[in-house]
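Here's the structure, in structure tokens; my notes come after.
Rule-based calculations on the coordinates, nothing more; no lab input. On a predicted model such as this, the values are computed, not experimentally measured, just so you know. Cβ: placed from backbone, ideal geometry, glycine included. Neighbour counts: every protein chain shown.
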């Protein structure tokens, strides 16, 4: 008993020191910002969006003209053809030349246009992927944060239960000494105190576990010096029905990131299919070149004269028709169609998951609201009951069995109320997100 009192005093003293000297207090919004900043999955979604943007820039560059400039120097040994006389010569000489060439695609079955449109959609899908990743982090962190707050309250409730049982045990001990009640009454209350001590240790360990989970979601090293601020939100219980769920689903369908991402990816495959079919379309391009050269085999003209005399250029319009391209392209088209079916299935899956998530949140909110109402009534009723029982014990008109039963019911009601309150707050925020399309986190 003395060791327990020392332990409780030390724990209370530690809590007071933590409140007095801790400098780090984190709100839900601050925790969310840290979690998003440090989350590697979120960073991966950002990198994927950057890759999509880089691919869009690359594809856009395909529509620009290709221009090149080249310079060459070579050494001829033995028998070769003189570029000036077109006759065979056998001597050591060198040539030097330069040239510039350019080409541009005029028509390729709108392949580049469809590739650009495809990558625009994929870039937008990447942005929606970032939002979807952020939402998943938000839900997980919100749940973990509320579990920590609930655990903190449950620890406070458990500690108050221990203190109440200690006070009652002291009172019973005095009554035993005075001969008012027997030893059986004392041992019954002592047993209740032991149960309360066990509950206190259990809830304290649950708090440690929930704090660890929250720190891990933020990718931070656990610290006892960080205090998590309670929410300012009040429990708001309102009636929801099937029509509400259907309306909520229709609203969410228009802007929910995971659904929009799947829709954009599906649309991108339409452009990819057109671009793939363009491989069998005629290709028209325009090309031009210009250059000059110098050779030491020409002893009659200097460098400048040769460069001026050998200047030449060309302009050509090229037309290419793939004759057997369809045989090679047919498997590519079939592969794209299969990928499109897979993406369409992913879209249907995203819609199904959204509807099920809304239905589950609606059911959880409705159930938690009912539990919260009942738990509130339980606390009020059992609080009045235990006060009456404590008064009767002091007067010696009731035994400890009735007290233990009343206290057990009161303690259970308080724990139920804490758990129901935070479950309502969690589902309330999730439903508000589905309804408004944004998180209400201050």
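Observations on the model:
- Relative packing of 126-132, 198-204, which averages over residues the other C-beta atoms within 10 Å, highest first: 126-132, 198-204
- Rounded to 10°, Cα long-axis angle of helix 111-177 versus longest principal axis of the chain: 20
- Taking label points 7 Å from Cα along the Cα-to-Cβ direction, residue 41 and residue 75 give a separation of 6.5 nm.
- For segment 283-334, relative contact order (Cα pairs under 8 Å, six or more residues apart, normalised by length) works out to 47 percent.
- Going by neighbour counts of Cβ atoms within 10 Å, the residues 438, 156 line up, fewest first, as 438, 156.
- Sites residue 48 and residue 171, calculated FRET efficiency, Cβ-Cβ separation with R0 51 Å, nearest 0.05: 0.15
- The ranking of 228, 187 by Cβ neighbour count inside 10 Å, starting from the fewest, reads 187, 228.
- With a Förster radius of 45 Å applied to the C-beta separation of residue 24 and residue 317, the computed FRET efficiency comes to 0.05.
- By other beta-carbon atoms within 10 Å, ranking 185, 90, 50 with the fewest at the front produces 90, 50, 185.
- Cα-projected label distance for residue 255 with residue 243, points at 7 Å along beta-carbon direction, nm: 2.3
- Helix 28-38 and the longest principal axis of the Cα set of the chain meet at an angle near 40°.
- The protection proxy used here, the mean number of other Cβ atoms lying within 10 Å of each residue, ranks peptides 367-374, 245-252 as follows, highest first: 367-374, 245-252.
- Computed over the chain: relative contact order in percent, which uses C-alpha pairs under 8 Å that are six or more apart: 22
- Residue ranges 402-413, 63-74 sort as 402-413, 63-74 when ordered by packing (mean number of other C-beta atoms within 10 Å per residue, highest first).
- Identified option (computed percent of Cα pairs over 37 Å apart; candidates [x] 36; [y] 22; [z] 57): [z]
- Highest-MSF residue in the chain out of 297, 415, 191 [GNM, Cα springs under 10 Å]: 297
- Here residue 205 and residue 432 are evaluated by their C-beta separation; at R0 = 30 Å the FRET efficiency comes out at 0.40.
- Cα long-axis angle, helix 242-255 against the chain (0 to 90 degrees, to the nearest 10): 30
- Applying 0.36 nm per residue to the separation of residue 187 and residue 62 and subtracting their alpha-carbon distance, the gain on full extension is 36.2 nm.
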